[in-house]
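Working notes, structure below.
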């Protein structure tokens with residue numbers, strides 16, 4: 001791959017594992033980063049996970065793998081009579097399986 005710059009809108013939350021894929025289009029390789037992600041994948045303690053995510057992000061920033069412009073916010077306005085919509089969305093979708101109207 002021979003390019004100097006691409007602009008991609010990676011809006012998927014929690015997709016930091018893509019940087020462990022050596023054949024992914026930006027072809028990043030860092031053994032230390034991969035070790036942090038491996039630890040993250042087997043850790044359930046919230047505080048430890050946050051620390052590992054911060055460490056992984058610091059490695060990516062130091063290595064200048066990507067230039068991060070901003071984090072795209074997901075905004076929404078819902079009718080007050082609708083129940084069950086997520087206040088904070090962990091995925092890039094509107095899961096309506098638990099949504100209902102107030103009667």
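The values are calculated or read from the model by the stated rules, or taken from the named source; none is laboratory data. Predicted, not measured: the structure shown is a model, and the values here were computed from it. A quick note on method: Cβ atoms are made from the backbone with ideal geometry, for glycine too, and the neighbour counts reach across all protein chains shown.
Overview of results
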{"read-out": "Selected residue (criterion: surrounded by the fewest Cβ atoms within 10 Å (Cβ to Cβ)) from residues of the stretch 1-53 that are under 18 Å from residue 63 (Cα atoms) and in contact (Cβ under 8 Å) with a residue 40 or more places away in the chain", "value": "26"}
{"read-out": "Condition broken by residue 85, with the remaining ones in (1) modelled with pLDDT of 80 or more; (2) within 26 Å of residue 25 (Cα to Cα) satisfied", "value": "(2)"}
{"read-out": "Residue that is nearest to the chain's Cα centre (by Cα) [pool: residues in the stretch 67-82 that are in contact (Cβ under 8 Å) with a residue 12 or more places away in the chain and within 27 Å of residue 28 (Cβ to Cβ)]", "value": "72"}
{"read-out": "The stretch 24-54, residues that are more than 24 Å from residue 8 (Cα to Cα) and not in a helix (DSSP H, G or I)", "value": "42, 43, 44, 45"}
{"read-out": "Residue 57 being out of contact with any strand residue (DSSP E or B) (no Cβ under 9 Å at 6 or more places or on another chain), surrounded by 10 or more Cβ atoms within 10 Å (Cβ to Cβ) and not in a helix (DSSP H, G or I)", "value": "no"}
